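Single-structure report; data block below.
Any read-out appearing in this document is the output of simple, stated calculations on the displayed coordinates, not a laboratory observation. Keep in mind that what you see is a predicted model, and the values were worked out from it rather than measured. Neighbour counts run over all protein chains shown; Cβ positions are idealised from the backbone, glycine included.
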Amino acid sequence: MRNYIIQGVLAVAVVVLFILHFTGTGSRNVTPGEAVLSGADTLNASLAYINVDTLVQNYQMFIDLRKELQGKMEKREAELGTKARKHQADVADFQNKANKGLETRSTLETMQNQLVQNEQALVQLQNQYAQELAEEEVVTNRKVLNDIMEYLRTYNSDKGYQFIFSNTFGGALLYAHPTLDITQDVLKGINARYAQGKKK
């Protein structure tokens, strides 16, 4: 689920890294062998990154929405299971009556047609629920991502970062200095804001 959240941020990160690398921002020349990021540079850096996997997995809003979505999925699966068992019972009843000659040919044809219609309706309902749950999952991920991005605008108002990157395993940001990791600070802030919002 979290992959949908991550994809929205990665494209921006790649473009920014490209610009920073080829425009040579900053006036200080780096000599061969010199550390690119010293302690002083770290303190003055206007860049930061967030581990999106950690942030999302521990964000209470995402946890609550995921539980809500899981509840819907389980409810729909139970409904489909009930309908499927009813259909199987109806099929078994039809086969029993047909084998024993307990109904007229006309009645059996009517029953068979009804069973076919019921099976088609069950398949359509299953597809409908699958599509609805997939769409709800996308909306849930976008809600979480939008909420995080809105929080970052407020968060950054007194931090002064020019760029805040997303970092995830195998993503575009392959390495960043650990001192630029603001994941826990942001996580603490968004969870506090979310908890406050739930109280209201």
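Between the listed residues Ala172, Ile190, Ala134, the Cα displaced farthest toward the positive end of the dipole of segment 127-200, a dipole computed from Cβ unit charges relative to the Cα centre, is found at Ile190. In this rough spin-label picture, where each label sits 7 Å from Cα along the Cβ direction, the Asn156-Ala121 distance is 5.3 nm. Rounded to the nearest Hz, the phi-derived 3J(HN,Hα) couplings of segment 110-120 under the Karplus curve 6.51 cos²θ - 1.76 cosθ + 1.60 (θ = phi - 60°) are 4, 4, 5, 4, 5, 5, 4, 4, 5, 5, 5, where x marks glycine and proline. Model label sites at Asp181 and Gln114, defined 7 Å from Cα along the beta-carbon direction, differ in position by 6.4 nm. Convex hull volume of the C-alpha atoms in segment 112-192, normalised per residue: 140 Å³. Stokes-Einstein diffusion for segment 46-200 at 25 °C, viscosity 0.890 mPa s, with a Kirkwood radius from C-alpha pairs, works out to 123 µm²/s.
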